[in-house]
1. If exposed means no more than 10 neighbouring beta carbons inside 10 Å and the site is in a DSSP loop, what's the longest run of the chain without any exposed GluC sites (Glu not before Pro)?
2. List the lysines whose Cα lies under 28 Å from the Cα of K25, skipping any in the same chain that are fewer than 8 positions away.
3. Once the Cα atoms of the range 103-187 are picked out, what are the Rg and Dmax in Å?
4. What are the ³J(HN,Hα) values, in whole Hz, obtained from phi via the Karplus relation 6.51 cos²θ - 1.76 cosθ + 1.60 with θ = phi - 60°, for each residue of the range 68-80 in sequence order, with x given for Gly and Pro?
5. For the range 32-178, taking Cα atoms only, what is the radius of gyration to one decimal and the Dmax to the nearest whole Å?
6. Could you list which residues have their amide H under 5 Å from that of T168, counting only those 5 or more apart in sequence or on another chain, with H placed in the peptide plane?
7. Considering the convex hull of the alpha carbon atoms of the chain, report its projected area averaged over all viewing directions, in nm², one decimal.
8. As an exercise, identify the trypsin sites (Lys or Arg not before Pro) in the range 227-316 lying in DSSP coil whose Cβ has no more than 10 other Cβ atoms within 10 Å.
Amino acid sequence: MTKPPLTLYLAAPRGFCAGVDRAIKIVEMAIAKWGAPVYVRHEIVHNKFVVDSLRDQGAVFVEELDECPDDRPVIFSAHGVPKSVPSAAQARNMTFVDATCPLVSKVHIEAERHHAAGLQMVMIGHAGHPETVGTMGQLPDGEVLLVETVEDVAHIAPRDPSKLAFITQTTLSVDDTTDIVAALQARFPAIVGPHKEDICYATTNRQAAVKAIAGQIDALLVIGAPNSSNSKRLVEVGRAAGCRYSQLIQRAADIDWRALKGAASVGVTAGASAPEVLIQEVIDAFEDRFDLTREIVETAVESVEFKVPRVLRQAG
């Protein structure tokens, strides 16, 4: 039977970013150095396939430090942790490695710098997301006010409206964040912003690539986990840019082929914590069903690399 024709637009960049790549390497190198089990506080990155793969190698994932024994290494996830967590690990004389993405650490440093200058922080982020919890936990209670939407800006009550600065979660929608920043600046004209925006290069690049293909596709599939902030933002960006059928899938088995019936063109991208093997799995699934034409739409070239901590580069 003849396969129907379909053009698959592959957004580039897509998939793993430098921070995710570094975090996964940290877990693998820790297991190689200290043997299994190595404990990881929270999912190292938000992707089930990655977490299951590391679990098979000897990683044990826990939610809190008190679930870890004193005598085994513990790794803190790429999203960052409140200051209280490494302090508790030090108090217990634990071996720990911080896999916080350097671009998240940059936001932590920024928050501390503003706090030292006497400014109260406003954080643009999602309540309960590990990165937001970690960033807010760099400063004493009450020093960081969280806003999630433009509407939230009207309801915050800072200590001194003339002494404010803002920071953001690194995985937000660029467009939504721009609107929230504008609302903050309108209400608090003296508010201080970051020298360079906090939304990371990988989030920005992946959203730009989706915008570039959204107008020429009938459907968009975003490969990523349901708890992955940057993946969910890609779905939203696709819809906002004009692709009404914009869906998050974890892997090829999640594709709703009935919904794609009659589509002539489909876009594929992947969140920053989705591995290439899952992207290839989706491409292969389309290859099986369609007479496929592939189009790569590249809007940026990424060459960022982050070193792993020195403790893992030193011989055992």
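1. Values: sites that count: E63, E64, E305.
For GluC sites (Glu not before Pro) (loop position, at most 10 other Cβ atoms within 10 Å), the longest site-free span of the chain is 65-304.
2. K33, K48, K83, K106, K196, K232, K307
3. Rg, Dmax (Cα atoms, Å): 11.8, 30.
4. So the Karplus estimates, Gly and Pro as x, are 9, x, 5, 9, 10, x, 10, 10, 9, 5, 4, 6, x Hz.
5. 17.0, 52
6. I124, D198
7. Working: hull surface 71.3 nm².
The orientation-averaged projected area of the Cα hull of the chain comes to 17.8 nm².
8. R244, R258, K261, K307
Read the figures in this text as sums done on the coordinates, not as results from a lab. No experiment lies behind these values; they were computed from the predicted model shown. Reconstructed Cβ throughout: ideal geometry from the backbone, glycine too, with neighbour counts over all protein chains shown.
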